[in-house]
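The values are calculated or read from the model by the stated rules, or taken from the named source; none is laboratory data. Only a predicted model underlies this, so the values are computations on that prediction, with no experimental measurement involved. Here Cβ is always computed from backbone atoms with ideal geometry, including for glycine, and neighbour counts include all displayed protein chains.
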Amino acid sequence: MLKSLLQYCLRVLSKKILNKYKPDIIGITGSVGKTSAKEAIATVLQSKFAVRRSTKNYNNEIGVPLSIIGVEKTPGRSILGWLAVIFKAKKLIFLRDKNYPKILVLEMGADKPGDIEYLTNFAPCKVGVLTLISHAHTEFFKTIKKIAQEKRIIISHLRQDGFAVLNFDNELIMQNANATKGEVITYGFKEGADLRATDVNILKNEQTGWPTGLNFKVLYKGNVVPVYLPGVIAKSAISAALSGLAVGTVFGVNLVDGAQALGGLESLPGRMRLIAGIKNTLIIDDTYNSSPEGARAAVETLAQVAIKDGAERYAALGDMLELGPETENAHRELGFKVAELGIDNLITVGEAAKYIAQAAKEAGLDEHRISSFATSGEAGRFLQEKLKPGDVVLAKGSQGGRMEKLVKEVMAEPLQAAKLLARQGKEWE
């Protein structure tokens with residue numbers, strides 16, 4: 001009851017703030033990649049405009065209003081804290097804040113049917129960004145078709161003067177491209193995308209041989225612009241960068257200026273971030289969350305990392321949650337992929353992840369190279385003993401599995417965990 005009342009108050013106050021200041025709203029949704037896209041979009045636009053982005057992953061009926069009001073930390077159970085939020089909102093309504101941002105970059109999540117419609121009803125977008133539609137939250141949506149129906153509201157609610165920025169590489173997104181009245185701008189790797197990435201190179205440290213980032217070229221309306229992204233090696237980082245440049249074109253940001261801004265983009269904790277490991281090893285930290293599509297892409301990236309003779313690759317994979325009836329098949333498919341790619345060692349964490357182990361064994365991965373654990377801490381301590389110089393570890397799993405604890409066990413500088421890893425706040429302790 002109290003939560004519903006709070007939700008109603010936040011919605012009403014947010015709507016009044018938006019009606020008063022009339023910022024342009026960029027709404028971002030998708031099964032994966034929302035936060036990375038948000039960061040890239042905000043980074044590009046900040047080169048020219050006053051921009052506010054969603055704090056952390058504030059993407060629901062509480063988080064989106066907090067971002068509109070400008071609150072960076074939820075008060076939790078504090079009544080005084082929520083009264084302070086309401087006071088701040090009313091102050092914005094009754095007085096004028098000359099520094100209120102011109103553009104709001106807002107994540108809009110969908111854990112259940114109706115979420116995107118609820119958010120866009122009080123925060124309608126000028127630009128709707130669709131990052132990817134895949135099997136995630138199928139426990140609540142049952143079918144991927146229903147997921148697509150929910151996600152496409154981010155573009156179907158747009159007016160004729162709006163813009164739909166779409167991932168051209170995702171078939172489910174492009175099948176829904178005609179669901180908008182706005183102008184469509186596409187990005188991706190495939191030929192036909194308005195902004196297309198080509199000539200991708202992984203950059204390496206000359207001394208260690210470890211990857212340090214990547215560069216690529218963007219083709220747009222006959223122009224070719226180079227882009228450098230530090231600290232990442234995943235294709236998903238390129239997709240996020242492309243979404244940022246695509247939104248930049250809507251607001252008149254020069255492609256060269258946008259690309260230069262992206263060179264200062266810091267990789268996000270738990271999202272394919274490169275971290276130095278113990279014993280001169282490398283960790284690919286993708287522990288923020290997991291889905292079938294994202295996990296498959298992460299394992300493929302692990303397989304592509306060059307290693308020295310005698311070194312090995314480890315895939316440490318936790319449960320992928322909220323998949324409902326897809327749970328067993330999704331985990332088994334990931335296990336088959338691990339074996340197919342020739343990953344040397346597999347570590348699983350959690351009950352559902354045992355299906356990954358079973359399938360990998362069935363597909364030919366030596367059972368002595370497969371280890372399963374109940375918790376990420378146990379798995380991390382096991383990995384401490386196994387690692388040797390030159391090895392590379394991929395750590396990935398859904399939020400509930402807390403795979404960042406495994407990373408903390410094997411990172412070279414655990415005192416840097418608060419800065420480098422996901423979920424390090426007091427609320428997660």
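Residues are listed down the side, and each one gets a yes or a no for (1) at pLDDT 95 or above; (2) out of contact with any Leu (no Cβ under 7 Å at 6 or more places or on another chain); (3) buried (at least 20 other Cβ atoms within 10 Å of the Cβ); (4) not charged (D, E, K, R):
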| residue | (1), (2), (3), (4) |
| --- | --- |
| Ala352 | yes, yes, yes, yes |
| Ala357 | yes, no, yes, yes |
| Ala363 | yes, yes, no, yes |
| Asp366 | yes, yes, no, no |
| Ala379 | yes, no, yes, yes |
| Leu394 | yes, no, yes, yes |
| Glu404 | yes, no, yes, no |
| Leu421 | yes, yes, yes, yes |
| Gln424 | no, yes, no, yes |
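Report the residue count in region 156-181 for those that are in contact with a helix residue (DSSP H, G or I) (Cβ under 7 Å, 6 or more places away or on another chain) and under 16 Å from Val247 (Cα atoms).
From region 156-181, those in contact with a helix residue (DSSP H, G or I) (Cβ under 7 Å, 6 or more places away or on another chain) are 156-157, 163-168, 172, 176, 179-180; that's our starting set.
Filter once more, keeping what is under 16 Å from Val247 (Cα atoms): 163-168.
Result for region 156-181: 6.
Tell me whether region 45-54 contains one or more residues that are assigned to a helix (DSSP H, G or I), assigned by TED's automatic domain parsing to the domain that holds Ala148 and at negative phi.
Keep residues of region 45-54 that are assigned to a helix (DSSP H, G or I), which gives 45.
Of the ones still in play, those that are also assigned by TED's automatic domain parsing to the domain that holds Ala148 are 45.
Checking which are at negative phi leaves us with 45.
Yes, some residue in region 45-54 is assigned to a helix (DSSP H, G or I), assigned by TED's automatic domain parsing to the domain that holds Ala148 and at negative phi.
Take the residues in region 83-114 that are surrounded by 14 or more Cβ atoms within 10 Å (Cβ to Cβ) and at pLDDT below 95; name whichever of them is farthest from Thr29 (Cα to Cα).
Among those that are surrounded by 14 or more Cβ atoms within 10 Å (Cβ to Cβ) and at pLDDT below 95, it is Pro113.
With the condition kept exactly as written, say whether any residue in region 160-168 is over 21 Å from the mean Cα position of the chain (by Cα), surrounded by 15 or more Cβ atoms within 10 Å (Cβ to Cβ) and farther than 23 Å from Arg273 by Cβ.
As a first pass, look at region 160-168 and keep what is over 21 Å from the mean Cα position of the chain (by Cα): 160-163.
If we keep only those that are surrounded by 15 or more Cβ atoms within 10 Å (Cβ to Cβ) too, we end up with 162-163.
Filter once more, keeping what is farther than 23 Å from Arg273 by Cβ: 162-163.
Yes; the residues of region 160-168 include at least one that is over 21 Å from the mean Cα position of the chain (by Cα), surrounded by 15 or more Cβ atoms within 10 Å (Cβ to Cβ) and farther than 23 Å from Arg273 by Cβ.
Scanning for something within 19 Å of Leu45 (Cβ to Cβ) and not charged (D, E, K, R), does region 276-287 turn up at least one residue? Working first, answer last.
Start the filter on region 276-287 by keeping residues that are within 19 Å of Leu45 (Cβ to Cβ), which leaves none.
For region 276-287, residues within 19 Å of Leu45 (Cβ to Cβ) and not charged (D, E, K, R): absent.
Got a sec? Which of Ala276, Ala295, Ala316 is surrounded by fewer than 21 Cβ atoms within 10 Å (Cβ to Cβ) and among the aliphatic types (A, V, I, L, M)? Before the answer, list the steps.
On the way: Ala295 fails: surrounded by fewer than 21 Cβ atoms within 10 Å (Cβ to Cβ); Ala316 fails: surrounded by fewer than 21 Cβ atoms within 10 Å (Cβ to Cβ).
Sole residue among the options that is surrounded by fewer than 21 Cβ atoms within 10 Å (Cβ to Cβ) and among the aliphatic types (A, V, I, L, M): Ala276.
Is there a residue in region 315-329 that is small (Gly, Ala, Ser) and at pLDDT below 95?
Initial filter on region 315-329 (small (Gly, Ala, Ser)): 315-316, 318, 324.
Now drop any that are not at pLDDT below 95, which leaves 324.
The answer is yes, given that some residue of region 315-329 is small (Gly, Ala, Ser) and at pLDDT below 95.
Could you tell me which residue of region 169-178 is farthest from Val127 (Cα to Cα), considering only residues that are crowded, with 18+ Cβ neighbours inside 10 Å and more than 18 Å from the chain's Cα centre (by Cα)?
Only one residue tops the list, namely Leu172.
Cβ-Cβ below 7 Å, separation at least six or inter-chain, first residue in region 189-215 and modelled with pLDDT of 95 or more, second hydrophobic (A, V, I, L, M, F, W, C) and part of a loop (DSSP other than H, G, I, E, B): which pairs?
The qualifying pairs are Lys190/Phe168; Gly192/Phe168; Ala193/Phe168; Arg196/Phe189; Ala197/Phe189.
Kindly establish whether Asn289 is out of contact with any strand residue (DSSP E or B) (no Cβ under 6 Å at 6 or more places or on another chain) and assigned by TED's automatic domain parsing to the domain that holds Ala417.
Details: out of contact with any strand residue (DSSP E or B) (no Cβ under 6 Å at 6 or more places or on another chain): yes; assigned by TED's automatic domain parsing to the domain that holds Ala417: yes.
When the stated conditions are applied, Asn289 passes them.
Given the structure, is Ser267 outside the structural domain of Gly377 (by TED's automatic domain parsing), among the hydroxyl-bearing types (Ser, Thr, Tyr), outside any helix (DSSP H, G or I) and at pLDDT below 95? It would help to see each step written out before you state the result.
Details: outside the structural domain of Gly377 (by TED's automatic domain parsing): yes; among the hydroxyl-bearing types (Ser, Thr, Tyr): yes; outside any helix (DSSP H, G or I): yes; at pLDDT below 95: yes.
Here the answer is yes, as Ser267 does meet what is asked.
For Lys235, only one of the following conditions fails: (1) outside the structural domain of Gly380 (by TED's automatic domain parsing); (2) buried (at least 22 other Cβ atoms within 10 Å of the Cβ); (3) under 30 Å from Leu323 (Cβ atoms). What is its number?
So the condition that Lys235 fails would be (2).
Could you grab me the full set of residues in region 1-38 that are in a strand (DSSP E or B) and either of a type in the set (A, V, I, L, M) or surrounded by 24 or more Cβ atoms within 10 Å (Cβ to Cβ) (or both)?
Keep residues of region 1-38 that are in a strand (DSSP E or B), which gives 24-29.
Those that are in a strand (DSSP E or B) and either of a type in the set (A, V, I, L, M) or surrounded by 24 or more Cβ atoms within 10 Å (Cβ to Cβ) (or both): Ile25, Ile26, Gly27, Ile28, Thr29.
Can you name every residue in region 39-58 that is within 12 Å of the chain's Cα centre (by Cα) and closer than 21 Å to Glu322 by Cβ?
Here is the first cut: in region 39-58, the residues within 12 Å of the chain's Cα centre (by Cα) are 39-40, 56-57.
Answer for region 39-58, where residues must be within 12 Å of the chain's Cα centre (by Cα) and closer than 21 Å to Glu322 by Cβ: Lys56, Asn57.
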